[in-house]
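Asks: Sending over a structure as structure tokens; questions will come in a sec.
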Amino acid sequence: MLARPFATVNKVNIMNTHTLFLKKQCSRSEQEILRVFRKIKAATIPQLEVAPLLKRLGIPIDKTEEFIHLIEGILHNLPSMELLGPHSPCVSLDELELLATLNYFSRHPNKATDNRALPGGSALESFPLFKACGQMLHNAGIGFRARPKPQVEINEQAISTYQ
């Protein structure tokens, strides 16, 4: 019996385990929304680069700032949120949760004070923007895939502060 030398090999993950293929997980309109959000993150002057993309989705140019403030607020308050690059063929779980939250607000504007509707306790200041952006997406006729309601627990006192 020959002795085999045992070498330790470090395995390298080529793809993050928290990402899925965009085309399999998101509708065409959701893919476009994510491109807008990713562009906001990557752009040096988001207003100029994002307005034409939103206009193509049916969002008025004068409403561009709400989307910019929403994404910038989320990235500032939730720095661990995984928002991929503008040309990524994948979608992160965080991005899917963001889509689910916007879908919730677009479909249930009157239930927007539900304590499970918010995407994170540290992003409460973005709450009115979720409602506004969700309504704009609804008015533009954006189609969302069915996803579970966002799963976040926030106490009622924190929510009433932002109504």
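Asks: Give the residue that is farthest from F144 (Cα to Cα), with candidates limited to residues of region 32-81 that are at pLDDT 90 or above and outside any helix (DSSP H, G or I).
Replies: P60
Asks: Name every residue in region 89-103 that is farther than 19 Å from A132 by Cα, part of a helix (DSSP H, G or I) and over 8 Å from the mean Cα position of the chain (by Cα), in order of residue number.
Replies: L93
Asks: Looking at region 125-143, which of the residues that are in a loop (DSSP other than H, G, I, E, B) and either in contact with a Lys or Arg (Cβ under 8 Å, 6 or more places away or on another chain) or more than 21 Å from I68 (Cβ to Cβ) (or both) is modelled with the lowest pLDDT?
Replies: Here the answer is G143.
Residues checked against (1) in contact (Cβ under 8 Å) with a residue 60 or more places away in the chain; (2) exposed (fewer than 14 other Cβ atoms within 10 Å of the Cβ); (3) small (G, A, S):
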site: S29; (1), (2), (3): yes, no, yes
site: P46; (1), (2), (3): no, no, no
site: A51; (1), (2), (3): no, no, yes
site: D62; (1), (2), (3): no, yes, no
site: I71; (1), (2), (3): no, no, no
site: S80; (1), (2), (3): no, yes, yes
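Asks: Based on this model, can you work out whether N115 counts as surrounded by fewer than 15 Cβ atoms within 10 Å (Cβ to Cβ) and either part of a helix (DSSP H, G or I) or modelled with pLDDT of 80 or more (or both)?
Replies: Considered against the rule, which asks whether it is surrounded by fewer than 15 Cβ atoms within 10 Å (Cβ to Cβ) and either part of a helix (DSSP H, G or I) or modelled with pLDDT of 80 or more (or both), N115 comes out as no.
Asks: Every residue in region 9-31 that is modelled with pLDDT of 65 or more and either part of a helix (DSSP H, G or I) or of a type in the set (V, I, T) (or both), please.
Replies: L22, K23, K24, Q25, R28, S29, E30, Q31
The values are calculated or read from the model by the stated rules, or taken from the named source; none is laboratory data. Because the structure is predicted, anything quoted here is derived from the model rather than measured. Every residue, glycine among them, receives a Cβ derived from its backbone with ideal geometry; neighbour counts consider all protein chains shown.
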